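Report on the following structure.
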Amino acid sequence: KTYAGSDNQFLKLLLEVDPSRLASDSIKNRTKSVLDSFIEYVENDLLRAISLEREIQVETVSDYLDQANTLLNDTKVHPAAAAVIIGASLEEFLRTWLEEENVDLFEIKNNIDSYSRELQKLNLLSKQDIKDIVSWSGIRNDAAHGHWENVEDRQRIKNMLEAVNLFIRKYS
């Protein structure tokens, strides 16, 4: 239960054992068999802290952040392009995190700030996380709305990229 969660097949198999109906050796054999299977499951890297779907979503966001990094390293491309991609990646990460938490997204405004506030209500984000997200959201909005003077500092956007990468790694 501690390592694989309360809704896993291994635990269900162990809970099906009825000590009053099985001989002591039978219980030991059944338990050993289930635990051996669990060990093999873990050794084959099948135990995940997050669902496979969530892992794929996080990897997709990571790919977008790699694209933003490529753009930031190209001096022919304005840093605003990378800022928009970083912000969109952050928004996607927060949205899919809420989906993973079974939050009804129809009840929430579709934007970074609303997503982050909802995650804070669920005690999944700290006050400092919210401050960081508001800052990143502001940079993304400046880039998306053509406020070029606010997003022309390539190093500032690189710092945003590094911070968003660290944030996503921390929470995935």
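Phi angles of the range 160-170 translate, via the Karplus equation with coefficients 6.51, -1.76, 1.60 and θ = phi - 60°, into HN-Hα couplings of 4, 4, 4, 5, 5, 4, 4, 4, 5, 4, 4 Hz per residue; Gly and Pro are given as x.
Debye sum, Cα scatterers, the range 56-102, no solvent: what log₁₀ I/I(0) at q = 0.30 1/Å? For the requested q values the scattering log ratios are -1.01.
Full extension of the chain between residue 159 and residue 76 yields a length gain of 28.0 nm, computed as 0.36 nm times the residue separation minus the alpha carbon distance.
Probing with 1.4 Å while keeping every protein chain in the model, the per residue accessible area of the chain equals 64 Å².
Each residue, residue 170 and residue 126, gets one label point 7 Å from its Cα in the Cβ direction; the gap between the two is 0.6 nm.
Filter the GluC sites (Glu not before Pro) in the range 87-129 to those in DSSP coil with at most 15 other Cβ atoms within 10 Å of their Cβ, and list the result. Before the final figure, lay out the partial values.
Values: sites: 91, 92, 99, 100, 101, 107, 118; in loops: 101.
When the GluC sites (Glu not before Pro) of the range 87-129 are filtered for loop state and at most 15 Cβ neighbours within 10 Å, 101 remain.
Which order do you get for 171, 64, 41, 115 if you rank them by accessible area with a 1.4 Å probe, largest at the top? Before the final figure, lay out each step's value.
On the way: 171 50, 64 100, 41 75, 115 5 Å².
Largest to smallest exposure gives the sequence 64, 41, 171, 115.
Among 74, 129, 142, the largest mean-square fluctuation in a Gaussian network model of the chain (Cα springs under 10 Å) belongs to 74. Of 44, 135, 15, whose Cα points farthest to the positive end of the dipole of the chain (charges on the beta-carbon: +1 Lys, Arg; -1 Asp, Glu; origin at the Cα centre)? Checked the options; the winner is 15.
Order 30, 169 by their accessible area, 1.4 angstrom probe, all chains in place, largest first. Present the calculation step by step, with values, prior to reporting the outcome.
On the way: 30 85, 169 155 Å².
Ranked from most to least accessible, the order is 169, 30.
Go ahead and run the numbers for FRET between residue 99 and residue 9, Cβ-Cβ distance against an R0 of 30 Å, rounding to 0.05. Write down the numbers at each step before the final one.
Numbers: r = 24 Å, r/R0 = 0.79.
The calculated FRET efficiency here is 0.80.
Of the listed values (i) 1.43; (ii) 1.20; (iii) 0.97, identify the label whose number matches Cα Rg over 2.2 N^0.38 Å calculated from this model. The calculated read-out lines up with (i). What is the distance in Å between the Cα centroid of the range 55-85 and that of the range 116-172? Computed from Cα coordinates, the inter-centre distance equals 14 Å.
Figure legend: label point modelled 7 angstrom from the Cα of residue 63 along Cα→Cβ; residues of the range 84-103 with amide N under 15 Å from it are 89, 93.
Connecting C-alpha atoms closer than 10 Å in a GNM of the chain, tell me which of 132, 153, 104 has the biggest fluctuation. Maximum among the listed residues: 104.
When 12, 158, 127 are compared by accessible area of protein heavy atoms, the largest-first order is 127, 12, 158, using a 1.4 Å probe.
Under a GNM of the chain (C-alpha, springs under 10 Å), which listed residue has the highest mean-square fluctuation: 146, 87, 138? Comparing 146, 87, 138 in the GNM, the peak value goes to 146. Among the listed pairs 109/158; 127/170; 121/170; 12/32; 109/131, which are separated by more than 24 Å between their Cα atoms? Cα-Cα > 24 Å for 109/158; rest within. For the range 110-166, just say rounded, prolate or oblate: build the C-alpha gyration tensor, square-root its eigenvalues into a ≥ b ≥ c, call rounded for a/c under 1.5, and beyond that prolate if a/b exceeds b/c, oblate if not. Note, shape of the range 110-166 comes out oblate.
The values are calculated or read from the model by the stated rules, or taken from the named source; none is laboratory data. Owing to the predicted nature of the structure, the values given are computational and were not obtained by experimental measurement. In this analysis, Cβ positions are derived from the backbone assuming ideal geometry, glycine residues included, and neighbour counts consider all displayed protein chains. Areas reflect the complete protein model, heavy atoms only, side chains present, ligands, DNA and RNA absent. Shrake-Rupley method; radii C 1.70, N 1.55, O 1.52, S 1.80 Å.
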